[in-house]
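The values are calculated or read from the model by the stated rules, or taken from the named source; none is laboratory data. No experiment lies behind these values; they were computed from the predicted model shown. Counting neighbours? That spans all protein chains shown, and the Cβs are built from the backbone with ideal geometry, glycine included. For the accessible areas, the whole protein counts, side chains as well, though only heavy atoms, and no ligand, DNA or RNA atoms are used. Shrake-Rupley method; radii C 1.70, N 1.55, O 1.52, S 1.80 Å.
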Amino acid sequence: MSDFVHLHVHSHYSPMEGVPSVTTLCHAAKAHGATRLALTDTNGLYGAIRFLQAARDAKIKPILGTELTNGEDRAVILAKNPEGYANLCRLLSSRHSDASFHFIEAVSRYRAGLILITDNEQALTAWAQISREDLYVELTPSPMMHQALTFSRRTGLPPVATNRARFVTPDEVAVHRLLRAIALNTTLSRLPPNACCAPTHWLMPPSMMEQQFPHVPDAVENTVRIADACHTEWNFGNTIFPAFRRLSDEDAFSLLKEKTLTGAQERYGRIRLEIHTRIDQELAVIDQKHFAHYFLIVEEIVRRAPRTCGRGSVAASIVSYCLGITHVDPIQHRLFFERFLNPGRTDPPDIDIDFPWDERDDIVDWVFQAYGGEQAAMVANHNTLGLRASIREVAKVYGMPADEIGRTSTLIMRRKDFLLFDQVPSAAIWVRELCAALQLKSPWPDILHAAVSVQNHFRHLSLHCGGIVIVPGEIRRYVPVEIAAKGVPVIQWEKDQTEEAGLVKIDLLGNRSLAVIRDTLIAIEQNTGRKIDYAAWDPITDCATQALIQRGDTIGCFYIESPATRLLLKKLWAGMPAHRLPHVDVFEYLVMVSSLVRPAANPFIEEFIRRAQGAPDPPWHPLLKEI
């Protein structure tokens, strides 16, 4: 085992600062012979779940942490145990969300379970007066290291060696400088020296790091001591279920069963044995998977609006149908509940609910009023530098005129044959061929090469289009929370990390078609005096609706209004023999058509029409005859 562990390391989840991906970091550390590695991205755990997976793949033990900064104050903070992780999330949330945030006081308040590493003498002195435990003086090779070492020896606070790594190899400092210039909206020639880290701040091999501290061997030894103290067996796989009105699991399930049976009476009138059996089967799985609270919360949200559409795999659930979350009868249409939820499924399924687009924000506001920012937060999008943005931003850093940047980037983005640059042997070949094709002169080859190097770097958070997370208790103990520009709390993870961390996401989405339906019903009532009951109307059995679909006259109908869908509907029904029409379920064929309009299905569309119109379809194998 190495006698040195990197405890201060940044990935590209340090916004516009760190260069390598978490995968690159872990593989580089493994190649150096390391068995442990800390990730300490600036003011966040933006890539924590990705880091844990990358570390597992590289067979490295991960240490979770951050470099907390506020003005001139900074400290590396590592989670020593699960309590420390919760406090780390609270501390980062306070840094991003609380106007009264004070660096030294906040760290003091959330210090339990955390290891603190800094060369900030004022902070070290204040924290040492409370407790000297898990408090270290950071030594990094630089002209200022002597001052930090002197402070360590004078106060008796132990030193620890770091290299504040922001790239994997020394030559990547150029990419770091580019990122900093883009972040500061300046050119490379005007980039302030203190805006960048030192060229030596790379992921040095442990043997090289040991050579930097011949006079302070205990600083190197302390890296191992700290790593030994830090929890590394992180498990974020357990689902964190929301709690409905603080009910116990037993009471929540009883209420869910009661609401489901009441809804079944409204939906079906008489509850046949088939319906009762299906309800019992679904409720048993929901109870086993502890999803009763989740269904109750979604049902309560849906009740806030008279027009909603629950879609996706949740439409296969009779419980959701009885609760009014969805409006498709899974018994009539032979939908399998197991697609939505089954005993073998480990990841939490999410429920997508559409609301009229101009009512959706009011629904989200109601959720925050009901559960508060303490329990609820929006899911984030991670905005990264796409290829077009990378080209434009790097060109600005190189000082190119705005009109030339716009003209050249437009030329490049029009060349579809060059946009998949990851399919060529190297970025250098891609740049050379593209510049030759477009006759681009210097410095554009350098700009394009640099643009490739900064592409996909994390830039900032934005709001997911509708994902919201509700947890029992305090959300800030599970994930750091920031305040979005709209004023709502948003977690630091995008949807995939959110789900992988076990947080249950509810998607509350805006749909323009529902608003059109609402406005149409209002207009009909105002102009004719006829009031149509939206909830009672059944379009599936409505003859006029069926005829409209058969004509392919579906412009304005959400999801089935594309030219390809309308053409397929016309061809399907135009050649349908009269003797087959009484036996054809229009809705069922509409489902098939909407599923077929995909690029991969194009070769099979004509065969589908032929069979639908009665042509023989011999099975591929006798055993498939009944399917």
Among (1) part of a loop (DSSP other than H, G, I, E, B); (2) small (Gly, Ala, Ser); (3) within 23 Å of residue 4 (Cα to Cα), the one test that residue 112 misses: (3)
Meets criteria (at negative phi, in contact with a Cys (Cβ under 6 Å, 6 or more places away or on another chain) and either at pLDDT 95 or above or not in a helix (DSSP H, G or I) (or both)) for residue 95: no
Residue check, residue 118 open to solvent by less than 40 Å² (accessible area, probe 1.4 Å), under 30 Å from residue 23 (Cα atoms), polar (S, T, N, Q) and modelled with pLDDT of 95 or more: yes
Qualifying positions in the range 592-627 - touching a residue at least 12 places away in the same chain (Cβ under 8 Å) and assigned to a helix (DSSP H, G or I): 592, 593, 594, 596, 605, 608, 609, 612
Members of the range 433-449 that are surrounded by 14 or more Cβ atoms within 10 Å (Cβ to Cβ) and either more than 18 Å from residue 396 (Cα to Cα) or touching a Lys or Arg at 6+ places or on another chain (Cβ under 9 Å) (or both): 433, 434, 435, 438, 445
Matching residues, the range 557-583, being small (Gly, Ala, Ser) and surrounded by 10 or more Cβ atoms within 10 Å (Cβ to Cβ): 562, 564, 574, 575
Any hit, the range 312-323, residues being in contact with a helix residue (DSSP H, G or I) (Cβ under 6 Å, 6 or more places away or on another chain), assigned to a loop (DSSP other than H, G, I, E, B) and either of a type outside the set (Lys, Arg) or loosely packed, with under 15 Cβ neighbours inside 10 Å (or both): yes
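Table: residues versus (1) within 35 Å of the chain's Cα centre (by Cα); (2) assigned to a helix (DSSP H, G or I); (3) in contact (Cβ under 8 Å) with a residue 40 or more places away in the chain.
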{"position": "132", "(1), (2), (3)": "no, no, no"}
{"position": "136", "(1), (2), (3)": "yes, no, yes"}
{"position": "142", "(1), (2), (3)": "no, no, yes"}
{"position": "151", "(1), (2), (3)": "no, yes, no"}
{"position": "160", "(1), (2), (3)": "yes, no, yes"}
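Confirm whether residue 341 is within 30 Å of residue 241 (Cβ to Cβ), aliphatic (A, V, I, L, M), assigned to a loop (DSSP other than H, G, I, E, B) and over 24 Å from the mean Cα position of the chain (by Cα). Outline the logic, then answer.
Values: within 30 Å of residue 241 (Cβ to Cβ): yes; aliphatic (A, V, I, L, M): yes; assigned to a loop (DSSP other than H, G, I, E, B): yes; over 24 Å from the mean Cα position of the chain (by Cα): no.
When the stated conditions are applied, residue 341 does not pass them.
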Within the range 237-275, considering residues that are at pLDDT 95 or above and polar (S, T, N, Q), the one farthest from residue 377 (Cα to Cα): 265
Cross-chain or 6+ apart pairs with Cβ under 6 Å, the range 559-573 first and under 12 Å from residue 549 (Cα atoms), then among the β-branched types (Val, Ile, Thr) and not in a helix (DSSP H, G or I): 560/554; 561/554; 561/555; 565/597; 566/554
Conditions (1) assigned to a loop (DSSP other than H, G, I, E, B); (2) open to solvent by 60 Å² or more (accessible area, probe 1.4 Å); (3) out of contact with any helix residue (DSSP H, G or I) (no Cβ under 8 Å at 6 or more places or on another chain); (4) free of Cβ contacts under 8 Å to residues at least 12 places away in the same chain: number failed by residue 526: (1)
Of all residues in the range 402-432 being modelled with pLDDT of 70 or more and not in a helix (DSSP H, G or I), the one that is most open to solvent (accessible area, probe 1.4 Å): 415
Long-range neighbours under 6 Å by Cβ, at least six apart or interchain, first residue hydroxyl-bearing (Ser, Thr, Tyr) within the range 169-195, second assigned to a helix (DSSP H, G or I): 187/397
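Each row is one residue, and each column tells you yes or no for (1) among the charged types (D, E, K, R); (2) buried (at least 23 other Cβ atoms within 10 Å of the Cβ); (3) part of a loop (DSSP other than H, G, I, E, B).
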site: 16; (1), (2), (3): no, no, yes
site: 25; (1), (2), (3): no, yes, no
site: 37; (1), (2), (3): no, yes, no
site: 45; (1), (2), (3): no, yes, yes
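The rows are residues; the columns are (1) open to solvent by less than 50 Å² (accessible area, probe 1.4 Å); (2) closer than 27 Å to residue 81 by Cα.
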{"position": "172", "(1), (2)": "yes, no"}
{"position": "203", "(1), (2)": "yes, yes"}
{"position": "233", "(1), (2)": "no, yes"}
{"position": "237", "(1), (2)": "yes, yes"}
{"position": "240", "(1), (2)": "yes, yes"}
{"position": "252", "(1), (2)": "yes, no"}
{"position": "259", "(1), (2)": "no, no"}
{"position": "276", "(1), (2)": "no, no"}
{"position": "281", "(1), (2)": "no, no"}
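Evaluate the following for residue 218: is it touching a Pro at 6+ places or on another chain (Cβ under 8 Å), open to solvent by 50 Å² or more (accessible area, probe 1.4 Å) and charged (D, E, K, R)? Spell out how you get there, then give the answer.
On the way: touching a Pro at 6+ places or on another chain (Cβ under 8 Å): yes; open to solvent by 50 Å² or more (accessible area, probe 1.4 Å): yes; charged (D, E, K, R): yes.
Spelling it out, residue 218 is indeed touching a Pro at 6+ places or on another chain (Cβ under 8 Å), open to solvent by 50 Å² or more (accessible area, probe 1.4 Å) and charged (D, E, K, R).
Go through 334, 339 for me and flag whichever is open to solvent by 30 Å² or more (accessible area, probe 1.4 Å) and at positive phi.
Details: 339 fails: at positive phi.
Exactly one of 334, 339 is open to solvent by 30 Å² or more (accessible area, probe 1.4 Å) and at positive phi, namely 334.
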Pairs with Cβ under 7 Å, 6+ apart, first in the range 33-54 and within 18 Å of residue 501 (Cα to Cα), second buried (at least 22 other Cβ atoms within 10 Å of the Cβ) and among the acidic types (Asp, Glu): 47/41
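Can you tell which of 65, 71 is among the small types (Gly, Ala, Ser), within 23 Å of residue 459 (Cβ to Cβ) and surrounded by fewer than 24 Cβ atoms within 10 Å (Cβ to Cβ)? Spell out how you get there, then give the answer.
On the way: 65 fails: surrounded by fewer than 24 Cβ atoms within 10 Å (Cβ to Cβ).
Sole residue among the options that is among the small types (Gly, Ala, Ser), within 23 Å of residue 459 (Cβ to Cβ) and surrounded by fewer than 24 Cβ atoms within 10 Å (Cβ to Cβ): 71.
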